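Since every read-out is calculated from the coordinates, none of them should be taken as a lab result. Since we're looking at a predicted model, the values are computed, not measured. Reconstructed Cβ throughout: ideal geometry from the backbone, glycine too, with neighbour counts over all protein chains shown.
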Amino acid sequence: MYLLTPGIPFVYYGEELGMMSGTKDETKRTPFLWTAADSKKKPSYQTSWAAEADCIYNKKTTGLDTQKKDKNSLYNYYKKLINFRNSCEAFEAHSSLTPYDTGNSAIAAWEISGSTARALVLHNVSEKPVELALPTAPFALAENSETSAQFAQSLTLAFSTNSVTKNKSGTFTIPPLTTLVFTID
């Protein structure tokens, strides 16, 4: 979620692979998994300074070499999300965040406003699908003179982590643990 907020986001070492760590300092900085943890063939650049006992948290973590080839891997998800963020003008360096209440506690939502672009970010943080009507009125900029009809038509789905269903009633069914970003034209 933090990658879709204002400011300069960061990815902590290994996070893009799903690497985990323990509570001791020695287990927080284990070698990066260029290959699977149990791989017999390690690249020459693989570091091996950590004790085997400190590397127990990533025995099942898929290495970078395998994740690069899997279009549905966590690594490729991060890559897709970062590329989207970098291409969407609403996420410029000095953008601002305005919380948006959808009326549904399963949805975390906010508007991102840059100097020339805006975006509506929605996260279904629940384990269940959520049906949601998109806003029909401007929600952050009081000086905005858009009508409800103009505003509803100005929302364009620009990014989604899963397929979203648009219902006949005009609502959307957002799958569990799904992120959507609508640009506001």
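Overview of results
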quantity: Residues 13, 45, 100 arranged by fewest to most Cβ contacts within 10 Å; calculated: 45, 13, 100
quantity: Distant-in-sequence amide H partners of residue 22 (H built 1.01 Å from N, under 5 Å); calculated: 27, 28
quantity: Vicinal HN-Hα couplings computed from phi for segment 163-171 (Karplus, 6.51 cos²θ - 1.76 cosθ + 1.60; Hz; Gly/Pro x); calculated: 5, 10, 9, 8, 8, 4, 6, x, 8
quantity: Cα-derived Rg to Rh of segment 13-86, Kirkwood definition; calculated: 0.99
quantity: Calculated from backbone phi, Karplus (6.51, -1.76, 1.60) coupling profile of segment 59-74 in Hz, x at Gly/Pro; calculated: 4, 9, 6, 6, x, 4, 4, 7, 5, 4, 7, 9, 4, 9, 6, 4
quantity: Anchor residue 80: lysines whose Cα lies under 21 Å away (excluding residues fewer than 8 positions away in-chain); calculated: 68, 69, 71
quantity: Fewest-first sequence of 32, 91 by Cβ atoms within 10 Å of each Cβ; calculated: 32, 91
quantity: For the chain, average projected area of the Cα convex hull in nm²; calculated: 13.1 nm²
quantity: Size of charge dipole - the chain - debye, nearest 20, with Cβ of Lys, Arg +1 and Asp, Glu -1, no other charges; calculated: 840 debye
quantity: Amide H contacts of residue 162 (H built 1.01 Å from N, under 5 Å, at least 5 apart or other chain); calculated: 179
quantity: Proximal aspartates and glutamates relative to residue 24, as straight alpha-carbon distance under 18 Å, when same-chain residues fewer than 8 apart are discounted; calculated: 15, 52, 54
quantity: Full-stretch length increase - residue 52, residue 177 - with 0.36 nm per residue and alpha-carbon distance subtracted; calculated: 41.6 nm
quantity: Sorted by Cβ neighbour density within 10 Å, fewest at the top, the residues 110, 49; calculated: 49, 110
quantity: Calculated [θ] (222 nm, deg cm²/dmol) that DSSP helices of n ≥ 4 give over the chain, each run adding -39,500 (n - 2.57); calculated: -4000 deg cm²/dmol
quantity: FRET efficiency estimate (nearest 0.05) - Cβ-Cβ, residue 169 to residue 34, R0 45 angstrom; calculated: 0.35
quantity: Positive-end extreme of charge dipole, the chain - chosen from 120, 162, 110 (charges on Cβ); calculated: 162
